Amino acid sequence: IFLSCFFQFLDDLNRWSLLLISPFICPDKLLEAEHIAFVTESISAQTDNLQEVPGSSKDIVKWSDYCSPLAYKPGEPYKLIAEASVDNFSNLGIAFMEDRLQMDNGMVPHKIVWLEIAESAGQGEEEKSKLEKESEHEDESNSLSDKETGAGEHHHLHLSSCHECLQLENSTIESVRFASAENIPELPDDCSSKLEEKNDDCLARGIKRVNLAGKPPNILIYLGSETAKVEFEQVKSILQECIDADSYTIYQLHEEQVLKDPWVDNSLLLIIATEEPISEENHKQFMKFLSKGGKILGFSSAFTFDGIQIKRKSKLKKTVHELVVSKMDSTEIKLNLLLSGYIFEEVMKEDTSKVKTLSRLNDTDKDTVIVHLTYGDSGGEAILSQAHLELDINSMDVQTEEDFNLLKKSNTKRYEVLKEILISLGLSCELSEIPVLTPIYLLSSDEEIHLSFLKWLEGNVDAEGLRASSKVSLKFVSSSESKMEITPSLMPVITEMGSFSSEHFSLKTYQQNLQSKKLGKILLFAEVTTTTMNLLDG
């Protein structure tokens, strides 16, 4: 995420140290012209966790190669104030968004915050008094002591006021909401900010059942200590046939990532699809995920908690039996599934209301094979199954042809039950139609800059107005009347702003809120496109 002007990132300047080259010491030359000041906040991370983006350079970009450090605050997270030219800041931003940006100490940045910095050492008493009245807490935190600066007078880091910060933040969130096809819940970052700490029910405001904890739409599949590439693809394939594939991203959670990577806060659903015993450390991590509103779906797994345990029943292993499954509308569905050889048993505890039986074997024993459990106060819940809902009939190890035929007849019902479970865990299983691609509009908040950019374009496109690229070629046309087919590899860019209108984006509102000197003056806006990553390639 790129954030702008969050004053609380400079919460206690007594803990910051100025570097000798810092222009704060020389107020006559605070920042070079057209330079940007910003804070980078970084955390410890393994370099091999950096994701490689297809088509991007695999080279790690060193933070110091593109900016000059001004001040730092040690600890975790590690914070640095720096300055950079517009071009270098853009290069930092690209590397940051492609997960290729790394601090010189090996840490990985997770927030970059733009700051408005102004020298205020020579202010008159009247102006200083006015500042103190407007924002007392800024005056307390935004001064550096003589000892820290090494100078004989105080220098202030003057930031935009809290009111401006909130306005900018809220307008950004609102614009994202308007541009979204769905109603986006409150962003989790709001809840952790100091401005919102007093509001204990922050997560509860406006949040839908679909994503109770406001988590990113990531689905993780844990298959134990084995690499299990084939098994991962099998489970992933089944899931993609059930869920709205455009709304979720599916990853494999490897054994070495369970305790290290920050997946607990960045995932919506964890699928445990291994018969291996769950270690105590991993079990604690999975419970932590549930306590933060996460969802768990267990397929023939040893994972259990609270009032449920598994019991071995060898005669059921790799056998096909008829199950009776209770649906959300209180109806029942019968189908044949391959069993793991284990069943669920309730352990006597005071509170058994959090355990609900979803499916039993349709025989005299009525053994429980699918259960639903809730956990914590943040919406955490798990559905655990000892029947193989995740396996395709062709990948199941069945003993007889009769069993195979029973599974084949129940295949449609298996998908129905699996979708029912996924929906009850808050996922969307409605297959959305792929929207039609729309043209791109070239917009500008300044008419003079717009004309200047068009003049530059004349020498950078061919005679047909085409800007060719290896992934997406852009054809610049004057108006929307120019009828041409829009494809993922060839998109028209309409340069005349008069024909632009959108219910999702207001250029006027954008102009009113834009506070930068150069960045953001030229926009490429499209209602529907395949990916923005390829649009500027080359």
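FRET efficiency for the pair Ser501 and Met533, taken as 1/(1 + (r/R0)^6) with r the Cβ-Cβ distance and R0 = 25 Å, rounds to 0.40. Around the amide H of Leu490, modelled in the peptide plane, lie the amide H atoms of Ser473, all under 5 Å away and 5 or more residues distant in sequence or on another chain. Compared with the direct C-alpha span, the chain from His283 to Lys408 gains 41.5 nm at full extension, assuming 0.36 nm per residue. The calculated Kirkwood hydrodynamic radius for the range 218-425 is 17.4 Å, given to one decimal from all distinct C-alpha pairs. Full extension of the chain between Lys62 and Arg312 gives 84.6 nm of extra length, using 0.36 nm per residue less the Cα-Cα distance. For a paramagnetic label modelled on Ile522 (point 7 Å from Cα along Cα→Cβ), amide N atoms under 17 Å away belong, within the range 438-458, to 440-458.
Packing, taken as the mean count of other beta carbons within 10 Å per residue, orders the peptides 88-94, 240-246 from highest to lowest as 88-94, 240-246. Ranked by the mean number of other Cβ atoms within 10 Å of their residues, highest first, the peptides 413-420, 386-393 fall in the order 386-393, 413-420. What percent do you get for the relative contact order of the range 440-525 when only Cα pairs under 8 Å and 6+ apart count? Result for the range 440-525 is 43 percent.
Between the C-alpha center of the range 379-409 and that of the range 274-348 there is a gap of 13 Å. Neighbours of Ile333, meaning other residues whose beta-carbon lies under 9 angstrom from its beta-carbon, give a summed charge of 0 when Lys and Arg score +1 and Asp and Glu score -1.
The residues of the range 440-525 have, on average, 63 Å² of accessible surface per residue, using a 1.4 Å probe with all protein chains present. Surface composition of the range 474-538: carbon plus sulfur atoms hold 51% of the accessible area, using a 1.4 angstrom probe and ignoring ligands, DNA and RNA. Each label was represented as a point 7 Å from its Cα along the Cα-to-Cβ direction; for Glu447 and Thr364 these points are 9.0 nm apart. For the listed peptides 63-73, 466-476, a ranking on the average number of other beta carbons within 10 Å per residue, highest first, reads 63-73, 466-476.
The values are calculated or read from the model by the stated rules, or taken from the named source; none is laboratory data. Given the structure is predicted, the values throughout are model-derived calculations rather than measurements. So basically every Cβ, Gly included, is an ideal-geometry build from the backbone, and we count neighbours across all protein chains shown. Accessible surface is based on the protein model in full, side chains and every heavy atom, while ligands, DNA and RNA are left aside. Shrake-Rupley method; radii C 1.70, N 1.55, O 1.52, S 1.80 Å.
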